[in-house]
1. Identify, by number, the condition in (1) at pLDDT 90 or above; (2) among the basic types (Lys, Arg); (3) surrounded by 18 or more Cβ atoms within 10 Å (Cβ to Cβ) that Arg188 doesn't meet.
2. Quick check: anything in the stretch 366-381 at pLDDT below 85 and either part of a helix (DSSP H, G or I) or under 26 Å from Gly542 (Cα atoms) (or both)?
3. How about the stretch 34-88: which of its residues are part of a helix (DSSP H, G or I) and of a type in the set (Phe, Trp, Tyr)?
4. Just name the residue that is farthest from Tyr555 (Cα to Cα) out of those in the stretch 524-542 that are assigned to a strand (DSSP E or B) and touching a helix residue (DSSP H, G or I) at 6+ places or on another chain (Cβ under 9 Å).
5. Testing Asp259 on (1) closer than 30 Å to Tyr34 by Cβ; (2) of a type outside the set (Lys, Arg); (3) without any contact (Cβ under 8 Å) to a residue 12 or more places away in the chain, one condition comes back false. Which one is that?
6. Scan the stretch 101-119 and tell me whether some residue there is within 30 Å of Arg248 (Cβ to Cβ), without any contact (Cβ under 8 Å) to a residue 40 or more places away in the chain, open to solvent by less than 40 Å² (accessible area, probe 1.4 Å) and among the hydrophobic types (A, V, I, L, M, F, W, C).
7. Name the single residue that is nearest to the chain's Cα centre (by Cα) among those in the stretch 229-269 being among the aliphatic types (A, V, I, L, M), over 14 Å from Glu105 (Cα atoms) and open to solvent by 80 Å² or more (accessible area, probe 1.4 Å).
Amino acid sequence: MVEAKMGACWSITKDQFENLEKHTQWGIEVVEKYNKFVKERSEIEISYAKQIRNLSKKYQPKKNSEDEYKYTSCRAFLTTLNEMNDYAGQHEVIAENLSLQIISELSRYTQELKQERKSHFNDGRKAQQHIENSWKQLEQSKRRFERDCKEAERAQQYFERMDADINVTKADVEKRCSHKARQQAQLRHQMAADSKAEYSSFFQSFNQEQNEHYYTLIPHIFQKIQEMEERRIERLGESMKTFAEVDRQVIPIVGKCLDGMTKAAESIEPKSDSQLVIEAYKSGFEPPGDVEFEDYSQPMTRTVSESSLSNSRGDSKPEKSSSKSKVKLWPFKKNKITLNTQVWSLIEGSGPEDFSHLPPEQRRKKLQQKIDDFNKDIQKEMDQRDALTKMKDVYIKNPQMGDPNSVDPRLAEIGQNIEKLQFESQKFEGWLAEVEGRLPVKSEPPRQQSALYETQNSTPVNNNCAQDRESSPDGSYTEEQSSESQIKVPTTDFDDEFDDEEPLPTIGNCKALYPFDGHNEGTLSVTEGETLYVIEEDKGDGWTRVRRNEDEEGYVPSSYLEVFLDKNGKGAMTYI
């Protein structure tokens, strides 16, 4: 049974001892190699998680692009970025679990394994050294016994030779050899007997120790080494299993991250995003009606004044600019802004303070947003004022806690801030009221055409012009009040101005695209398709000064006209 345990490899103890020592050392190196592999995998996971986090952070929305994330596609992208951040966190969990459950544990186990291996092989070396020492003692006793036996035999032979010599007298034998030779032979025999006893003792002891060494002690040590090696292999297998389980544990969470990305992608609604674009960029203008056919083959009848253009000039202008008259998109030239221009103006904060560079609907939204921001700031300042007021009351009741007068400068500063914010809010509310048609537009009497409405921006005029479109063909844009009830373009001294000034020369002609009822003083009523003379072009306020005859001059909204300036002017152009 013991031999079956030992196996054939124990036949040469020394060689197998060294081989097993090399094998166990190789086994420890395998564990260390695997531990190094797991450590490098952990470092890769940490690096990968860091790169994923940096990538997610890189594409997170900036402050100036937060408006983009009202669209479902942008929100889905933001959700994907957040899920990727969580995904990176799971890789950090993998690295952490690998470090705690495998790397640390294997490092500690490797040290214990080295100590146990060292202890077992030290015991084996001691046992081998002991059996070698016993073998040496047995060999020494054996050689001593052999030497003593030879000495005793020589002494016996010498005594017998002396005793058998016939030439020697009895007296001589007794005198010379008998006593001494006999004594020497007896001594050698005794020494041989003692050596034999000693050799026999060592022989029995060695055989017993050798039997114990080969069949008990060494098998026991090697059995411990074998168990140690099997535990090492088992521990390595458990670590490999843990290596896989660490990944398996995060798979459900990674799956949820991927499900979140899929759900975000499925939440994208193209129609909803398109509707948001419409709501964000709708101008509030209505498209013009159909362009009428102009038959230039028939001579055009025009009323000629003293300072009017020649008939030939009037006939040639439409031919020169007929191609341009076909391009009319929206009735307000100031609001002919492309989508990209509007986006950049919003992002960069360019344009006037009252957002008059924007179409009415967008302008209304921006003004309302500014008012909401001011109200929030006012509320914050009021909350701070209330808190400081309470603090001052506490200081008044408990002077030991602080000086009440120390709060006054801050209260005064907050009061000034509230006044400033309220003033700004009222200013924007006035502009918003103008856009929504709740308040009349304040205007100054036009002393000259170039200074008309110089104290106000042009957007209220444009908005009110849009309201006048109620009578235009296909018009559907309406406000609470009509433009005639809000706009006070001419003043009481408008006619006096015209009487005092010399008649202005004509600089081109124009055609009315829509009918306009000039109820207010200073304006001129026109009918659709009527041809007039231009005596002063639009200076940016949305009005063009025209003349029908010597006695009929006035202002007409530029958006209602198709203007053709002569070649000495700024060139043919269309107000759209």
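1. (1)
2. To start, the set of residues in the stretch 366-381 that are at pLDDT below 85 comprises 366.
Now narrow it down to the ones that are either part of a helix (DSSP H, G or I) or under 26 Å from Gly542 (Cα atoms) (or both): 366.
Within the stretch 366-381 (the criterion being at pLDDT below 85 and either part of a helix (DSSP H, G or I) or under 26 Å from Gly542 (Cα atoms) (or both)), the answer is yes, since at least one residue qualifies.
3. Start the filter on the stretch 34-88 by keeping residues that are part of a helix (DSSP H, G or I), which leaves 34-58, 63-70, 72-88.
Once the filter is applied, which keeps residues that are part of a helix (DSSP H, G or I) and of a type in the set (Phe, Trp, Tyr), the stretch 34-88 yields Tyr34, Phe37, Tyr48, Tyr69, Phe77, Tyr87.
4. Thr531
5. Looking at each condition in turn, Asp259 falls short on (1).
6. Looking through the stretch 101-119, none of the residues is within 30 Å of Arg248 (Cβ to Cβ), without any contact (Cβ under 8 Å) to a residue 40 or more places away in the chain, open to solvent by less than 40 Å² (accessible area, probe 1.4 Å) and among the hydrophobic types (A, V, I, L, M, F, W, C).
7. Leu258
Okay, residues lined up against (1) at pLDDT 95 or above; (2) surrounded by fewer than 17 Cβ atoms within 10 Å (Cβ to Cβ):
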{"residue": "Ser11", "(1), (2)": "no, yes"}
{"residue": "Phe17", "(1), (2)": "no, no"}
{"residue": "His23", "(1), (2)": "no, yes"}
{"residue": "Phe37", "(1), (2)": "yes, yes"}
{"residue": "Ser56", "(1), (2)": "no, no"}
{"residue": "Pro61", "(1), (2)": "no, yes"}
{"residue": "Ser65", "(1), (2)": "no, yes"}
{"residue": "Lys70", "(1), (2)": "no, yes"}
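The values are calculated or read from the model by the stated rules, or taken from the named source; none is laboratory data. In this text, all values refer to a predicted model and were calculated from it rather than measured experimentally. Note that each Cβ is placed from the backbone with ideal geometry, even for glycine, and that neighbours are counted across all protein chains shown. These accessible areas exclude ligands, DNA and RNA; they are computed on the full protein's heavy atoms, side chains included. Shrake-Rupley method; radii C 1.70, N 1.55, O 1.52, S 1.80 Å.
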